[in-house]
Amino acid sequence: MLVNTIRAITPLDGRYATQVSGLAEHLSEWALIKRRVQVEVEWLVEMAGCTDISDMRSLTGAEQEFLRGLVTEFDDDAAMHVKRIERTTNHDVKAVEYYIRDRLAGTSLEDVREWVHFGCTSEDINNLSHALMVKGALEEEWLPQAKALVDGVAALAAATADTSMLAYTHGQAASPTTLGKELAVFVYRWRRQMWQITSAAYLGKFNGAVGSYNAHAIAYPDADWQSISRRFVERLGLTHNPLTTQIEPHDYIAEIFHALIRFNTVTLDFDRDMWSYISLGVFRQKAVEGEVGSSTMPHKVNPINFENSEANLGISNALLEHLSTKLPVSRLQRDLTDSSSLRNLGPAIGHSFLGLKSALRGLRQVGVDEGLLASELDDAWEVLAEAVQTVMRKQGGEDAYELLKGFTRGQDVTQKDLRAFVAGLDLSADDKERLMALTPARYTGIAAELVARMDG
């Protein structure tokens, strides 16, 4: 792999190639060519079964199997065959058409060669191919990786639902919480975005050069082309778009990519929190045998996985944001800017995928330092000022907040100090007893119960 990728321009095809190899089956140029072959083949099969297209003969089962075999058996040699044709045509979709025609020569399907690409514009083939590519990449690669990360954090949240810890607001000690509850917040946020991604519709159009079925209607004026188009697009597992220009306007891609941006952003937030927790000592990282944390400081165990994740998610969001705002904009009936932009689907999704893998790898290398958490809580009695002033206020105590502010703000407060303060208050016996028994570790509200809400 090192020999084959050391000259790669992008890290996804070089340093990280093995980590994103599954995406190549969906988002590479090879994958695009294969999907184009699939759409062309399925259109032949569709026409053969359509009574409105009377001059196209029916196909035998063996002939359909042969045609679909062009897709299932598609390999590097087939892709290079198409690329060789493209050197002459200087047109990538036309090269696919000629490739299929070549494969039909000398077979029982030779008489249907002229039906390959019948009534199609390149974008009829391309938009369906890109939809299938993105759908396959997200459903078969990205979503399982996202689920693995979310499930991993959810498991840790459940295991630490009762693990008390200091919260930090503005980087300063705040009212205690539990580690599980703070992790559950991320799980809930992620799952909302995953629902939107899994519920997404992948649109496709199949209506000719300017979206008006011009050639179709002149060839077969009595055919119900809208129904034929809808049936074909839906048979591919996509949602039919009935009204377009030459191109499917890509609004659905923007919708999906904006959801990916939000998922990435939640993950980036998670990465930064994990980095901070590691810095604070909440999590201890497991030292990996043979790894080096610094070229000069032997003791270092760095949070490199969360840092790597943060970097890749940022790159992904930049690309996804550009594609989301660029793709839906096209001059008049079409310009070519979408075509060049769509060639970056792989990097946009790939950097997100890599970011998720890095975050999960980082998660698997940390352990909770419960002793440190307990020690920090036992040294932060001032955080109970909120509890005391709230109970005082409910019983009508005047200037409760100001009194506690003067007693605790910027001060070192011990257990003895706080209990002496509470003992001198004019409170009901029940409230005073409850405050006297309170410790920072027990002052977590219903945080542990809230962990269950991460499931929705």
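No lab work stands behind these numbers, since they all come straight from the coordinates. Since the structure is predicted, the reported quantities are computational estimates derived from the model, not experimental observations. Glycine also receives a Cβ, built like all others from the backbone with ideal geometry; neighbour counts cover every protein chain displayed.
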Charge sum, other residues only, whose C-beta stays under 13 Å from residue 231's C-beta, Lys/Arg counted +1 and Asp/Glu -1: -3
Rounded to the nearest whole number, the Stokes-Einstein translational diffusion coefficient of segment 303-421 at 4 °C and 1.567 mPa s (Kirkwood radius, C-alpha pairs) in µm²/s is 66 µm²/s
For 286, 83, what ranking results if the residue with the fewest other Cβ atoms within 10 Å of its Cβ goes first? 286, 83
For segment 123-374, what is the Kirkwood hydrodynamic radius in Å, using each pair of distinct C-alpha atoms? 20.7 Å
If I take R0 = 51 Å and measure r between the Cβ atoms of residue 399 and residue 148 in this structure, what FRET efficiency does the formula 1/(1 + (r/R0)^6) give, to the nearest 0.05? 0.45
Report the charge-dipole magnitude of segment 2-120 in Debye, nearest 20, computed about the Cα centre from +1 at each Lys and Arg Cβ and -1 at each Asp and Glu Cβ. 560 debye
Förster-model FRET efficiency, 22 Å R0, residue 91 and residue 215, C-beta, rounded to 0.05: 0.80
Rounded to whole angstrom, the alpha-carbon centroid of segment 335-365 lies from that of segment 182-199 at a distance of 19 Å
Helical contribution to [θ] at 222 nm, DSSP H n ≥ 4, -39,500 (n - 2.57), averaged over the chain, rounded to 500: -18500 deg cm²/dmol
Rounded to one decimal in nm, the spacing of the 7 Å Cα→Cβ label points at residue 226 and residue 446 is 5.3 nm
From the Cα centre of segment 4-52 to that of segment 99-174, the distance in Å is 12 Å
Ranked list, fewest to most other Cβ atoms within 10 Å of each Cβ, for 80, 47, 194, 165: 80, 194, 47, 165
Relative to the compact globular guide of 2.2 N^0.38 Å, what is the alpha carbon radius of gyration of segment 349-399, as a ratio? 2.16
Once the in-chain neighbours fewer than 8 apart are removed, the lysines whose Cα is under 22 Å from residue 405 read 394, 416, 432
For the chain: span of alpha carbons on each principal axis (Å, largest first): 100, 54, 40
With the dipole of the chain worked out from charges on the C-beta (+1 for Lys and Arg, -1 for Asp and Glu) around the Cα centre, which of 359, 411, 385 lies farthest toward the positive end? 411
Lysine pairs in segment 123-374 with Cα distance under 25 Å, only those 8 or more apart or on different chains: how many are there? 13
What shape does segment 2-120 take by its C-alpha gyration tensor, where a ≥ b ≥ c are the square roots of the eigenvalues and a/c under 1.5 counts as rounded, a/b above b/c as prolate, and the rest as oblate? prolate
Between residue 374 and residue 307, what length in nm is gained on full extension when 0.36 nm per residue of separation is reduced by their alpha carbon distance? 21.4 nm
Based on alpha-carbon atoms only, what is the radius of gyration of segment 124-175 relative to the globular estimate 2.2 N^0.38 Å? 2.03
Gain on full stretching of the segment that runs from residue 426 to residue 169 - 0.36 nm per residue minus C-alpha separation: 89.4 nm
What is segment 380-455 by shape, rounded, prolate or oblate, if you read a ≥ b ≥ c off the alpha carbon gyration tensor as root eigenvalues and call it rounded for a/c under 1.5, prolate for a/b larger than b/c, and oblate otherwise? prolate
Residues residue 4 and residue 54, FRET efficiency given R0 of 56 Å [Cβ-Cβ distance, rounded to 0.05]: 0.60
Positive end of the dipole of segment 226-277, charges at C-beta (+1 Lys, Arg; -1 Asp, Glu), about the Cα centre: which of 226, 256, 246 has its Cα farthest in that direction? 226
